[in-house]
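Notes for the one structure printed next.
The values are calculated or read from the model by the stated rules, or taken from the named source; none is laboratory data. Treat the numbers as computed from the prediction; the structure is a model and nothing was measured. Here Cβ is always computed from backbone atoms with ideal geometry, including for glycine, and neighbour counts include all displayed protein chains. The area values use the complete protein model at the heavy-atom level, side chains included, leaving out ligands, DNA and RNA. Shrake-Rupley method; radii C 1.70, N 1.55, O 1.52, S 1.80 Å.
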Amino acid sequence: MIRRIASVLAATALAAGCSSDRLVVPSFNDPAVGPADRSLLQNLASGLLTEQRGGMAGLVSNVGIFGRESYNYTGSEPRNTSFFLSVFPLDNSGFTNGQWDPRWRNIRNALNLITIADPAPFLTDAEKNAVRGYANTLRALDLFYVVATRDTLGAPTAVDVETNRAQPFVSRDSVYRFISATLDQAATQLAAGGTAFPFTLHAGFAGFTTPATFRQFNRALAARVLVYRGTLGCGNPCYTQALAAIGESFINATPGADLRRGVYHVFSTASGDALNGLNNQVNPDILAHPSYRGDAQRRANGDPDLRFSTKLRTISPARNAPGTGLGIPTDLAFTLYPDQTTPLPIIRNEELILLRAEANIGLGNLSAALPDINFTRVNAGGLEPLTTLGSASDAVTTLLYERRYSLMFEGHRWFDVRRHGRILSLPLDLPTHFRVTVMPVPQAECVFRATLAQELRGPGCP
């Protein structure tokens, strides 16, 4: 829980070091805590990435089930199916209450990194700004995962570093505005961050390892948040700001552009490091929703969308849900993460192109959105280009199709249909199933806050 997050020295123990090509996780049982120096700074900076990566397989799997992208058909644990699809309300004591404690721990670690760097005599003023911009960018990203999963419940934005006191929940809109402001602050700090970070980033940041290029990553995240805000009530001002942020990102929609270029979490088989938990060798029980086959559009030759063909495979025999009457069989599995160390995207060029299309659709500039929609259709899907997006509603339908297949099982579909008011478009596999709109606040957080003043109690808590 937020109140239990460790102090600065404990955050050091949670942090992990890294080299230029893989994360290196030290022994947490005997952490080396000493005076601040560049080695400690490297540990803390790397630890933010390690902690953030730790929650990503769970996030993608959980929202994949909610968004009817995936199943987790673990034979010995039917709750991986029932608790996500047919037990209402969602269980807030486990299984469906993730993306909370580790996110807040990492937010606190980011603040601790800034606290340690600010007075450090071994850092130049430019390096201190680089550290601030780096930490605030990752802090904002973790808070994004918190509010995207809790949605209308909102979340706290403040963290009491000194006393661990609980902070009040604020509205969803307030959280998103705070995230945008934090990313903008980080962008300013990165612009004043000189030519190099005082630490090394791993290979998932290839091409984004200086304050200037990392700022492009920051602006990409800012664009994502602004587009989300646009669909959630901010409207034209946020869409306009999103287009400006995209212009400062690493977007590339020129012929031959690499759609996969971006920033990734990395994995390795090294002792103490982590494997990609979405790989079907690591977790053979993660399967794809069968609706992908029927919903895939057809290419000129009659074959399905290339994204269906390249990201999914047919398995035989079909897998059944564990237990009785909990789910339907599926004969589809993902090939997105072909081995145990396949990187997991944080944000990449293909998403940016579709974010630009979405911002233009939101602004009513359908003619400006059409080239970006067609760029993904043709280059990623092998589909024929469209000549028009039709009405505004038709354009959103087309956009959601492109995002569904372009960003398949990367953690977006559930968020997308919900923020566009199309949660009812998700199929119900069985009459006992339901559509989830928010993940609950964890039970332990609810229990603790139940003893506090009314304004500090958790929303959605029983």
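How many residues does the range 133-148 hold that are touching a residue at least 60 places away in the same chain (Cβ under 8 Å), within 18 Å of Met56 (Cα to Cα) and either of a type in the set (Ser, Thr, Tyr) or open to solvent by 30 Å² or more (accessible area, probe 1.4 Å) (or both)?
Selection size over the range 133-148: 2.
Can you name the residue in the range 256-313 that is open to solvent by 40 Å² or more (accessible area, probe 1.4 Å) and of a type in the set (Lys, Arg) and is also farthest from Leu383 (Cα to Cα) among such residues?
Step by step, filter the range 256-313, then rank; the result is Arg261.
How about the range 286-389: which helices (runs of 4 or more DSSP H) wholly inside it have at least 2 residues that are of a type in the set (Val, Ile, Thr)?
Result: 349-362, 366-379.
Any residue in the range 342-361 that is at pLDDT below 95 sitting within a Cβ distance under 7 Å of a residue that is assigned to a helix (DSSP H, G or I) and open to solvent by 10 Å² or more (accessible area, probe 1.4 Å)? List the pairs, counting only those 6 or more apart or interchain.
Listed pairs, sorted by first residue: none to list.
Inspect the range 395-403 for any residue being among the basic types (Lys, Arg), open to solvent by 10 Å² or more (accessible area, probe 1.4 Å) and assigned to a helix (DSSP H, G or I) and give the result as yes or no.
no
Taking the condition of being in contact with an Asp or Glu (Cβ under 8 Å, 6 or more places away or on another chain) and of a type outside the set (Lys, Arg), how many residues in the range 367-400 meet it?
The number of residues fulfilling the criteria is 10.
So, Pro237, is that one open to solvent by 10 Å² or more (accessible area, probe 1.4 Å) and either within 22 Å of Val147 (Cβ to Cβ) or small (Gly, Ala, Ser) (or both) or not?
So Pro237 fits the description; yes.
Could you list all residues from the range 291-301 that are of a type outside the set (Gly, Ala, Ser) and in contact with a Pro (Cβ under 8 Å, 6 or more places away or on another chain)?
Selection gives Arg293, Gln297, Arg298.
Out of Arg219, Arg224, Arg177, Arg215, I need the residue that is among the charged types (D, E, K, R), assigned to a helix (DSSP H, G or I), under 15 Å from Val131 (Cβ atoms) and touching a residue at least 24 places away in the same chain (Cβ under 8 Å). Which one?
Arg215
Of the residues Ala158, Ala117, Ala130, Ala110, only one is under 30 Å from Asp37 (Cα atoms), small (Gly, Ala, Ser) and free of Cβ contacts under 8 Å to residues at least 40 places away in the same chain; which?
Every option except Ala158 fails the conditions.
For a quick check of your reading of the model, give me the residue pairs whose first member lies in the range 433-462 and is among the hydrophobic types (A, V, I, L, M, F, W, C), whose second is open to solvent by 70 Å² or more (accessible area, probe 1.4 Å) and part of a helix (DSSP H, G or I), with beta-carbon atoms closer than 8 Å and at least 6 apart or on different chains.
Here the result reads Val438/Thr152, each pair linking the range 433-462 to a residue that is open to solvent by 70 Å² or more (accessible area, probe 1.4 Å) and part of a helix (DSSP H, G or I).
Of all the residues that make up the range 41-96, how many are aliphatic (A, V, I, L, M) and open to solvent by 20 Å² or more (accessible area, probe 1.4 Å)?
The total comes to 3.
Closer than 23 Å to Asn360 by Cα, open to solvent by less than 40 Å² (accessible area, probe 1.4 Å) and charged (D, E, K, R): is that true of Arg229 in this structure?
For Arg229, the condition - closer than 23 Å to Asn360 by Cα, open to solvent by less than 40 Å² (accessible area, probe 1.4 Å) and charged (D, E, K, R) - is met.
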